[in-house]
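Quick note: the coordinates plus some simple rules give every number you see, no bench work behind them. Predicted model, so just to flag it, every value in this text is computed and none were measured. Using ideal geometry, Cβ is built from the backbone for each residue, glycine included, and neighbour counts are taken over all protein chains shown.
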Amino acid sequence: MKVSFPRMGTSWIGLKTLVEGLGQEVILAPPPTKRTLDLGTKYAPEFACLPFKVLLGSYLEAIELGADTIMSSGGVGPCRAGYYTQLQERILNEQLGHDVRVITFEPLNRNWRGTYRILRELVQVGFRDFITVAWLTWQKLLALDSIERESHRVRPLELEQGATSRITARAFARIDECQTVADVEQVMNDELKRLRALPQDPTRDPLQIGVIGEIYVVLEPFVNLDVVETLGHMGVFVDRAIFLTDWTKDNAILDAFRIEGEMNIKRAARPYLPEMIGGHGQNSIGDTILYAKRGFDGVVQLAPFTCIPEIVAKSIMPKVSADFDIPVLTLMLDEQTGKAGVSTRLEAFVDLLAMRRARLRGESA
Ligand code: SF4
């Protein structure tokens, strides 16, 4: 099989290690670009949400490179992700005449038999090698998340703009090359040290902003138009509400044992949104409340245009924002959204938060 999978932030590094380690050939889709989005938009239904379009474009680019199998995840609950892959498979094969198989991994507790059947087909190595590569993949994902977290802390303090991003990109490339867990640990420690040693201005007191929203747009910088890096360069400390390893622990693993993950987030959201409405809608409410309680200056909600869970969350947000006295900026993202427009809105939001912080400190002084 020539297997490809969607890119979502740095997760491709772990997935590549995993699929190659299972004995399959990986066809890596190029990082998403405007061409990817144009391709997806051309063939997707008009009102499909942004992630659907980017993923469809990515699959087409992977097929151009020779992929014959696409691996993706499904979903449950009232969100369109549950039928994404079936629809994409029909567009690719019936509408566009390709001959590609789309494999969907559903949540373990809903269809563990299906997952087992897929794994039996994919795994071409012995049990021992399977466990080894699964562990290496997990360690890489953890290392990638650690580097990214540290970069969010350092970026607003850096003296040379761009230095943090340079080290981070290099760290990701080095982790991609690692062949053993010991290598991963070594590279992670090296690169964390390098990040911490960057010339910084410790006297800065950065604004603190939480970034929340739908998982794909939060994790993939191309789709969110580099919101996290842009805010960092504006001197803001960003706390991203979603990291892939946390999400996997909370949802895939706990869910398999029917234990509700992210309990604190859901508990916080319940007075405003008691139901799971699909995607990250309920989390967006809960995360905003938790950021307010942690004393954050503001929240940026990233929402794909036509994403029902985030639209529902957005409609509740003014009440949450008023009750917990935390400003929220919602960015609706679609194929028409441009980076300059987003940067301008972020700049205005950051100015507003800086004035608000000065006023609050002045009042309490
Ligand atoms: S959560 Fe929103 S953007 Fe994501 S698949 Fe569902 S509807 Fe689309």
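Show the residues, 5+ positions off or on another chain, whose built amide H is closer than 5 Å to the amide H of L329. HN-HN under 5 Å from L329: V299, V300, Q301. Put simply, the C-alpha atoms of the chain give a gyration tensor, and the ellipsoid matching it has half-axes of 34, 25, 20 Å, longest first. Less than 10 Å Cβ to Cβ from I63, Lys/Arg counted +1 and Asp/Glu -1: what total charge do the surrounding residues give? So the environment of I63 carries a net charge of -3.
Helices in the chain, meaning DSSP H runs of at least 4 residues, each add -39500 (n - 2.57). Divided by all residues, the mean residue ellipticity at 222 nm is -17000 deg cm²/dmol. Highest mean packing comes first when the peptides 129-136, 325-332 are listed by Cβ atoms within 10 Å, giving 325-332, 129-136. Backbone phi angles across segment 344-355, fed through the Karplus curve with coefficients 6.51, -1.76 and 1.60 (θ = phi - 60°), yield HN-Hα couplings of 4, 5, 5, 4, 5, 5, 5, 4, 4, 5, 5, 5 Hz in residue order; Gly and Pro are listed as x. When each of the peptides 45-54, 113-122, 302-311 is scored by the mean number of other C-beta atoms lying within 10 Å of its residues, the order from highest to lowest reads 302-311, 45-54, 113-122. Summary of packing: across the peptides 93-102, 217-226, 72-81, the per-residue average of other C-beta atoms within 10 Å ranks them, highest first, as 217-226, 72-81, 93-102.
Helix 11-21 against the longest principal axis of the chain: what's the angle in degrees, Cα atoms only, rounded to the nearest 10? The angle comes out at about 20 degrees. Computed from Cα atoms, the angle from the helix 81-90 axis to the main principal axis of the chain rounds to 40 degrees.
Taking a Cβ cut-off of under 10 Å around V211, the surrounding Lys, Arg, Asp and Glu residues balance to a net charge of -1, with basic ones at +1 and acidic ones at -1. Within segment 311-365, none of the GluC sites (Glu not before Pro) combine a DSSP coil assignment with at most 12 other C-beta atoms in a 10 angstrom radius.
Against the longest principal axis of the chain, how steep is helix 127-154, in degrees 0 to 90 to the nearest 10, with axes from Cα atoms? The two axes meet at around 20 degrees. Pairs from the table (K16/K193; K140/K193; K34/K339; K266/K314; K140/K249; K34/K193) lying more than 23 angstrom apart at Cα are K16/K193; K34/K193. What does the charge count around P199 come to, taking other residues whose C-beta lies under 10 Å from its C-beta (Lys +1, Arg +1, Asp -1, Glu -1)? With Lys, Arg at +1 and Asp, Glu at -1, the net is -3.
Structural descriptor for segment 134-203: relative contact order 45 percent, calculated from alpha carbon pairs under 8 angstrom and at least 6 residues apart.
A dipole drawn for segment 165-250 from +1 and -1 charges on Cβ atoms has a positive end, and of L198, L231, W247 the residue lying farthest that way is L198.
Under a 5 Å amide H cut-off, with hydrogens placed 1.01 Å from N, M71 pairs with S4, F5, I103 among residues at least 5 apart or on other chains.
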